[in-house]
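What follows is one structure encoded as structure tokens, with my remarks underneath.
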């Protein structure tokens, strides 16, 4: 299960837009699907998402994950999640930034992440022992700071550039290629398409 973090940020307000709210929502959705085995309620919420407009990569991926949520059973997704992310000792995919950047867990990228989380006003929830560089935890952080009235777009861009951009594309590519991925192939495509849009958005706001 991904590390959970408490946001403690306080400061001057920065106006937020509908785009920020939409970005936060997609981050939260991707994080929820990667945090733990989706339950019936989450799958129903995914299936009931508003249909996407357009025919770009993100719209197609959005529709793909909606349809996949309707087709997967709870036992199937439980088996798939455990095979992909847990396994016997290790799953097919390792959803941690340190592993992708150094080949090991709990390495220097995690230390740098912890410093930046502290500067943004985040702290670990009591009793949580999972490293903070789990992809779901990072999605949760981006979801929160996207709509946090005290965190500007430059801070978001720096955090994304340091802690997601160096490895997130490789993670979603590995997830899409994973032998056991069925439902999660649709999640990988949604994540890859969204992060491509997000990078363009953050670069455009520079």
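Nothing in this text is a laboratory measurement; each read-out follows from the coordinates by a stated rule. Just so it is clear, the model here is predicted, and its values are computed rather than measured. A quick note on method: Cβ atoms are made from the backbone with ideal geometry, for glycine too, and the neighbour counts reach across all protein chains shown.
Helix-only mean residue ellipticity at 222 nm, the chain, DSSP H runs n ≥ 4 weighted -39,500 (n - 2.57), per residue, nearest 500. What is it?
Numbers: 10 runs with 128 residues, N = 206.
Counting only the DSSP helices, I get -19500 deg cm²/dmol.
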*Rank 68, 40, 137 by mean-square fluctuation in a GNM of the chain with C-alpha springs under 10 angstrom and give only the top-ranked residue.*
40
*Where does each of 189-199, 157-167 land if you order them by average Cβ count within 10 Å, highest first?*
189-199, 157-167
*Direction-averaged shadow area of the convex hull around the Cα atoms of region 119-160, nm²?*
3.2 nm²
*asked:* How are the alpha carbon pair distances in region 119-205 distributed across 5 Å bins from zero to the largest one, expressed in percent?
replied: 3, 12, 22, 23, 17, 14, 7, 2, 0
*In what order do 184, 100 fall by count of nearby beta-carbon atoms within 10 Å, going from fewest to most?*
100, 184
*With label points built 7 Å along Cα→Cβ from the Cα atoms of residue 116 and residue 22, find their separation and express it in nm.*
2.5 nm
*Using a Gaussian network model of the chain with C-alpha springs under 10 Å, which one of 55, 114, 124 is most mobile by mean-square fluctuation?*
55
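Using 0.36 nm times the number of residues separating residue 203 and residue 177, minus their current alpha carbon distance, what extension gain do you get?
Working: separation 26, 0.36 × 26 = 9.36 nm, distance 2.82 nm.
Length gained between residue 203 and residue 177: 6.5 nm.
Among 141-148, 125-132, how do they line up from the highest to the lowest mean number of other beta-carbon atoms within 10 Å?
Values: 141-148: 22.0, 125-132: 13.0.
Order by mean packing, descending: 141-148, 125-132.
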*Would you mind checking the radius of gyration and Dmax of the chain based on alpha-carbon positions, in Å?*
16.5, 48
*Taking the chain and dividing mean pair separation by its residue count, relative contact order in percent (alpha carbons under 8 Å, at least six apart)*: 36 percent
